[in-house]
Amino acid sequence: AQTVTQSQPEMSVQEAETVTLSCTYDTSESDYYLFWYKQPPSRQMILVIRQEAYKQQNATENRFSVNFQKAAKSFSLKISDSQLGDAAMYFCASGSARQLTFGSGTQLTVLP
Amino acid sequence: DTAVSQTPKYLVTQMGNDKSIKCEQNLGHDTMYWYKQDSKKFLKIMFSYNNKELIINETVPNRFSPKSPDKAHLNLHINSLELGDSAVYFCASSQEGQSFYGYTFGSGTRLTVV
């Protein structure tokens with residue numbers, strides 16, 4: 001069984017500043033993927049970033065980057081130059097096409 | 001064109017009724033899923049289908065029955081609705097292959113049982 005833990009139910013950041021959201025996971029799979037999804041008030045689930053667990057290089061997508069520590073089973077998301085539109089619930093997820101397990105989410109507030 | 005479309009977006013119904021939620025994807029994906037998001041925003045898988053075959057059936061009351069007429073459609077039928085069934089239900093799809101690029105989600109159906 002897989003578990004994904006997000007220990008920060010809420011975070012806030014000043015506009016233009018940087019924030020890091022934490023995620024740890026546990027899995028017995030040898031081949032798995034990690035994701036961050038964003039859910040704004042519209043409730044649409046939007047893929048933010050993807051990491052292949054067999055790759056050591058941290059994924060980046062514009063202002064979003066991850067710090068993937070495989071041995072520690074840690075997968076944090078860094079948002080640089082935060083914008084008002086980044087305000088949302090962020091979910092960390094681990095798994096494969098068979099099943100993705102989601103964390104409980106971190107509600108991010110961006111302060112103007 | 002919406003990649004994964006769910007209908008309806010909102011559903012308000014009385015206890016004891018039977019209702020269905022429809023999902024269609026035009027991405028050519030071979031796996032589809034139903035997830036339930038509760039009031040605390042926790043997302044839990046209910047079912048997954050691969051090429052019309054049931055792959056995962058988590059501990060879900062048998063009042064919930066998925067139906068996949070073809071690999072582009074996965075509908076969810078719920079019998080004898082209860083207050084505790086109130087939640088947002090998400091349909092999603094993905095493509096299995098050498099690499100996995102995550103799920104594409106529908107916009108969700110907010111079900112309210114009164």
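Structural remarks
- Considering each residue of segment B:59-69 in turn, none proves to be surrounded by 13 or more Cβ atoms within 10 Å (Cβ to Cβ), under 30 Å from A:Q51 (Cβ atoms) and within 13 Å of another protein chain (Cβ to nearest Cβ).
- Being within 27 Å of B:D30 (Cα to Cα), surrounded by 18 or more Cβ atoms within 10 Å (Cβ to Cβ), β-branched (V, I, T) and within 12 Å of chain B (Cβ to nearest Cβ) holds for only one residue in A:T106, A:T101, and it is A:T101.
- When residues in segment A:73-82 are screened for being touching a residue at least 60 places away in the same chain (Cβ under 8 Å) and not charged (D, E, K, R), 3 of them pass.
- None of A:D81, A:D31 is surrounded by fewer than 13 Cβ atoms within 10 Å (Cβ to Cβ) and at pLDDT below 95 except A:D31.
- Per-region count, segment B:47-58, residues farther than 15 Å from B:S94 by Cβ and within 11 Å of another protein chain (Cβ to nearest Cβ): 1
- Residue list for segment B:34-79, restricted to those being among the polar types (S, T, N, Q), modelled with pLDDT of 90 or more and not in a strand (DSSP E or B): B:S39, B:N62, B:N79
- Taken over segment A:49-61, the criterion of being part of a strand (DSSP E or B) and either under 13 Å from A:F75 (Cα atoms) or within 8 Å of chain B (Cβ to nearest Cβ) (or both) is satisfied by A:I49, A:R50, A:Q51, A:E52, A:T60.
- Residue count for segment B:101-112 under the criterion of being within 21 Å of B:E53 (Cβ to Cβ) and surrounded by 21 or more Cβ atoms within 10 Å (Cβ to Cβ): the result is 2.
- Looking only at segment A:62-98, and only at residues there that are out of contact with any strand residue (DSSP E or B) (no Cβ under 6 Å at 6 or more places or on another chain) and not charged (D, E, K, R), the one that is nearest to the other protein chains (Cβ to nearest Cβ): A:S96
- Some residue of segment A:34-50 being at positive phi and either touching a Lys or Arg at 6+ places or on another chain (Cβ under 9 Å) or surrounded by fewer than 17 Cβ atoms within 10 Å (Cβ to Cβ) (or both): yes
- Top-ranked residue of segment B:80-108 - restricted to ones that are part of a loop (DSSP other than H, G, I, E, B) and hydrophobic (A, V, I, L, M, F, W, C), ranked as nearest to the other protein chains (Cβ to nearest Cβ): B:F100
- Residue check for B:G97: at pLDDT 95 or above and under 21 Å from B:N51 (Cα atoms): no
- A:S22 meets all of the listed conditions (1) within 12 Å of chain B (Cβ to nearest Cβ); (2) surrounded by 15 or more Cβ atoms within 10 Å (Cβ to Cβ); (3) among the hydroxyl-bearing types (S, T, Y); (4) over 27 Å from B:G106 (Cβ atoms) but one, namely (1).
- Pairs where the first residue, in segment A:83-112, is more than 14 Å from A:C23 (Cβ to Cβ) and the second is small (G, A, S) and surrounded by 20 or more Cβ atoms within 10 Å (Cβ to Cβ), C-beta under 6 Å, 6+ apart: A:A97/B:S94; A:V110/A:S82
- Every listed requirement among (1) surrounded by 14 or more Cβ atoms within 10 Å (Cβ to Cβ); (2) of a type outside the set (D, E); (3) within 13 Å of chain A (Cβ to nearest Cβ); (4) under 26 Å from A:P41 (Cβ atoms) is met by B:I21 save one, (3).
The values are calculated or read from the model by the stated rules, or taken from the named source; none is laboratory data. In this text, all values refer to a predicted model and were calculated from it rather than measured experimentally. Every residue, glycine among them, receives a Cβ derived from its backbone with ideal geometry; neighbour counts consider all protein chains shown.
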